[in-house]
Amino acid sequence: MSIALVILAAGKGTRMDSDLPKVLHKIGGAPMLHHAMQAGASLEPERCIVVAGHGAEAVTKAARDYDPDCEVVIQSEQKGTGHAVAQAEAALADFDGDVIVLYGDTPFISHETLEAMAEARGRSDVVVLGFEAADPGRYGRLVTNGDHLEKIVEFKDATEAERAITLCNSGVLSADRATLFGLIGKTGNDNASGEYYLTDIVALARAENLSATAVTCAEAETLGINSRAELAEAEAAFQARARAVLIGDGVMMQAPDTVFLSFDSVIGRDTEIEPNVVFGPGVTVESGAHIRAFSHLEGAHVSRGAVVGPYARLRPGAELAEDVHVGNFVEIKNASLAEGAKANHLSYLGDAEIGAGANIGAGTITCNYDGVFKHKTSIGAGAFIGSNTMLVAPVSVGDAALTGSGSVITENVPDGALALARARQDTKPGYGKRLMEMLRAKKRKLQEGAR
Ligand code: UD1
Ligand code: MG
């Protein structure tokens, strides 16, 4: 059965108190809209329509960033969830199959749940995703009769008896395209909110002798985000789940609660992650690597056997081959370190290529930026960069070449050469002692004058 997703993302999200449209607030480093799109994408839909309204331009861009083929339709006035879905009708006029409605602010619906809904569609015309709410609050209530779903009543419109129901509406719903839009066309806005409710299609379906049923999922999956506090809760839920998945896949963490992950973090089996490590977007770590405490990684690739940190920073484009060591207070940006290369202390390596087995001394800096342009540094295999070397790019140091400590290297160093670029030492016997005596005498004189 072909599937089309309709993702509702037009709402303002007033309670977020933010200039950013609600669905663009991030969880695990990705807009919550991406999480909703990712959940839907697991069904391999033929079409994906995002309904945008508030902040439509930014929402459109974010939707296309995730899926360049997704279509965005605009709901210029928010007249309710039914009205929002109706905006996708023209875009889906030529589509033949099932439509699944998701909310852009409900990021955690699982693939298994959507599969169960798709399966239930085989026996029912309309399928609604419900959940048993610990505190049903203001959710819409599912009114059932045995296996049948009879109607959904919004809290505002519900009777006391209906409010006592704990089976609630998640908002996710599925029906065949023609059925869905046919039913939405019959909804009105004569209700407590004056809105066109998507939920009304259940009673309308039953009135036409179509069948409706509810599939249920855990409440945690239907967590919707309306405020900053709920966003923080959602982030915590995401982190807890992401850590648990990695631990289940054989990643070692001593203090999982202190490790922060992104939506796309990939970490291999037997990799050890020490406390207080942050994985920003775009990080892949192969098996058997070791990420030590207080390291911060984003857009980086770390190979098997590499050791990173403690206190290392890997920025986008950091590419560490097998058995590379990157130690404390080393920052790496857009630079590759070939197998076995080491930069153990206090360095900045940016826009650089570092050969296998090279040793980068403490305090080495690639001076890659002239204020306008970025330039490249290349260091050959087995090179030895002396401590506190400044490599003024563009510059290259050949294979097995050496630079003396404290050198400012502005010219290319050929293979096997030793480059010294610093002032020669001038040692004056006895001068140190004499200088100290002079200074102390001066101090004594000043103190006597002050008395
Ligand atoms: C909706 C359901 C309710 C359910 C609850 C679950 C209806 C009428 N009610 O209520 O049964 O328990 O979700 O969270 O469907 N949106 C638009 N355009 C609009 C209105 C809404 O795009 O005109 C989007 C919102 O941005 C949001 C989603 O649809 O992502 C849900 O809208 P919201 O106003 O939060 O609905 P609820 O009142 O919470
Ligand atoms: Mg809501």
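The values are calculated or read from the model by the stated rules, or taken from the named source; none is laboratory data. What you see is a predicted model, and the numbers here were worked out from it, not measured in a lab. Positions of Cβ are generated from backbone atoms using ideal geometry, with glycine treated the same way; all protein chains shown enter the neighbour counts. Note: areas computed on protein heavy atoms with side chains; ligands, DNA, RNA excluded. Shrake-Rupley method; radii C 1.70, N 1.55, O 1.52, S 1.80 Å.
General remarks:
- Beta bridges per DSSP, both residues in the chain: antiparallel share near 20 percent.
- Just the protein heavy atoms count here, and of the accessible area of the range 3-222 at 1.4 Å, carbon and sulfur take up 45 percent.
- Residues in the range 383-390 carry Karplus couplings, in order, of 6, 10, 9, x, 3, 6, 8, 9 Hz; the curve used is 6.51 cos²θ - 1.76 cosθ + 1.60 with θ = phi - 60°, and Gly or Pro positions show x.
- Sequence-separation-based contact order of the chain, relative, with Cα cut under 8 Å and 6+ spacing, percent: 8 percent
- Which of SER265, SER174 is most accessible, then next, and so on - probe 1.4 Å: SER265, SER174
- Taking every C-alpha pair closer than 8 Å and separated by at least 6 residues, the mean separation divided by the residue count of the range 317-357 gives a relative contact order of 41 percent.
- The Cβ shell under 13 Å around ARG243 holds other residues with a net charge of -2, Lys and Arg each +1, Asp and Glu each -1.
- The listed residues MET252, MET1, once ranked by accessible area (1.4 Å probe) with the largest placed first, stand as MET1, MET252.
- Potential lengthening between LYS156 and ARG440 on full extension [0.36 nm per residue; Cα-Cα distance subtracted]: 93.7 nm
- Set of lysines with alpha-carbon distance to LYS374 below 18 Å, sequence-local pairs under 8 removed: LYS333
- Projection of the Cα convex hull of the range 250-419, averaged over all directions and equal to a quarter of that hull's surface, yields 8.6 nm².
- For HIS290, the solvent-accessible surface computed with a 1.4 Å probe is close to 50 Å², ligands and nucleic acids excluded.
- Area accessible to solvent at LYS22, 1.4 Å probe radius, in Å²: 20 Å²
- Percentage of interatomic Cα-Cα distances in the range 3-222 larger than 22 Å: 47 percent
- Solvent-accessible area of ARG315 with every protein chain in place, 1.4 Å probe, in Å² to the nearest 10: 60 Å²
- Along the axis of the charge dipole computed for the range 214-334 (Cβ charges of +1 for Lys and Arg, -1 for Asp and Glu, origin at the Cα centre), the listed residues GLN254, ASN226, HIS325 are led at the positive end by HIS325.
- Amide H contacts of THR216 (H built 1.01 Å from N, in plane; Pro and chain starts excluded): GLY130 sit under 5 Å, all sequence-distant by 5 or more or on other chains.
- Charge context of GLY305, other residues only, Cβ under 15 angstrom, K/R +1, D/E -1: -3
- For the chain, the Cβ-based charge dipole about the Cα centre amounts to some 3520 debye (Lys, Arg positive; Asp, Glu negative; other atoms uncharged).
- Summarising the amide proton neighbourhood of HIS25: residues at separation of 5 or more, or on other chains, whose placed amide H is nearer than 5 Å comprise MET32.
- Based on every Cα atom in the chain, Rg and the maximum pairwise Cα distance Dmax equal 31.0, 108 Å.
- Mean Kyte hydropathy of -0.5 or more with a Cα span along the axis of at least 27 Å, helices from DSSP in the chain: 228-248
- Total formal charge among the other residues, if their Cβ is under 13 angstrom from that of GLU112, Lys/Arg +1 and Asp/Glu -1: -3
- Solvent-accessible surface of protein heavy atoms, probed at 1.4 angstrom with all chains present, puts LYS428, LYS433 in the order LYS433, LYS428, largest first.
- Listed as lacking a disulfide-compatible partner in the chain: CYS168, CYS217, CYS367, by the criterion of no other cysteine Cβ under 4.7 Å.
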